[in-house]
Amino acid sequence: MSEPVIALNNANRVFAVGDERVHGLRNVSLLVEPGEYLAIMGPSGSGKSTLLNTIGLLDRPDSGGYFLEGRDAGRAGDDERAGMRRERIGFVFQFFHLVPRLSAAENIELPLVIAGMPPARRHQRVASLLDRFGLADRARHRPDQLSGGQRQRVAIARAVVTEPAMLLADEPTGNLDRAASKDVIGILEELNQRGLTLIIVTHDPDIGSRARRQVRMEDGRIIHDGAS
């Protein structure tokens, strides 16, 4: 049996908001196998983003364990966690987070530059993704010269250019019209079909129902974990 990509055990996270203590996670346990397609759903304040940030090593639980591909991410130091995040996790956000002064190709290439990949290999990998995502004719365009759907495709290409183990998408269609949303979900699902583990946070029940597995949260707890 393969090693789970994610093994989260009894994770708790509490935030101080003024004089109140807000529970982002309450004894949350979650196993995700390689290649799964999972939607995390629930109302605002239910803990969806806290769970995603914990999985993505952007936040650390106050208690409980977290193993990423068998490595103890919960106890790893900051530098080790940053390396795991950079090499093994891709992120896609609602508002794209592209660098405004860089072209589409340069935005996609940026993680490879940071990783120190030789230019020839970088350019080959970026060109392949531009072509695959229907962006070859937009390679030199800056984000402000692209539509919302094109910007999100650039963001997805940037997220997967390092060939991570999993892709975390936080409301990836929340800022798009219906046609662009359909294109973006199609790309994400194609990546999943090729073996990439896909985890989507969404408020949209139509998008959530497309995932093979749904995790529903309420008050920091998982209240449902099963097939869509």
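Only sites in a loop by DSSP and with at most 13 other Cβ atoms within 10 Å count here; which trypsin sites (Lys or Arg not before Pro) in segment 67-155 make the cut? Can you show the working numbers first?
Numbers: sites: R71, R75, R81, R85, R86, R88, R101, R121, R122, R125, R132, R138, R140, R151, R153; in loops: R75, R101, R140.
Here the sparse-neighbourhood loop sites are R75, R101, R140.
Across the protein chains, with a 1.4 Å probe defining accessible surface, the residues E163, E33, E109, E87 rank E163, E87, E33, E109 from largest area downward. Compactness check for segment 115-228: Cα Rg over 2.2 N^0.38 Å is 1.18. Size check on segment 166-209: the Cα extents along the three principal axes, sorted descending, read 27, 18, 17 Å.
Using a probe of 1.4 Å, the accessible surface attributed to V5 totals some 10 Å² when neighbouring protein chains are kept in position. Heavy-atom accessible surface of segment 1-147, averaged per residue, reaches 53 Å², computed with a 1.4 Å probe. With contacts taken as Cα pairs under 8 Å at a separation of at least 6 residues, segment 121-203 carries a relative contact order of 31 percent.
For the chain, the longest principal axis of the alpha carbon atoms and the long axis of helix 78-88 meet at an angle near 60°.
Our summary gives the chain a relative contact order of 30 percent, counting only alpha carbon pairs under 8 angstrom and 6 or more residues apart.
The shape of the chain can be summarised by an equivalent ellipsoid whose semi-axes, obtained from the alpha carbon gyration tensor, come to 29, 20, 17 Å from longest to shortest. The share of accessible area on segment 104-228 that comes from carbon and sulfur is 45 percent, using a 1.4 angstrom probe. Computed over the alpha-carbon pairs of segment 95-157, the distance histogram in 5 Å steps reads 4, 21, 34, 24, 14, 3, 0 percent, short to long.
The values are calculated or read from the model by the stated rules, or taken from the named source; none is laboratory data. In this text the structure is predicted, and so the values were computed from the model without any measurement. Reconstructed Cβ throughout: ideal geometry from the backbone, glycine too, with neighbour counts over all protein chains shown. The protein model used for the area step is the full one, side chains on, heavy atoms only, and it has no ligands, DNA or RNA in it. Shrake-Rupley method; radii C 1.70, N 1.55, O 1.52, S 1.80 Å.
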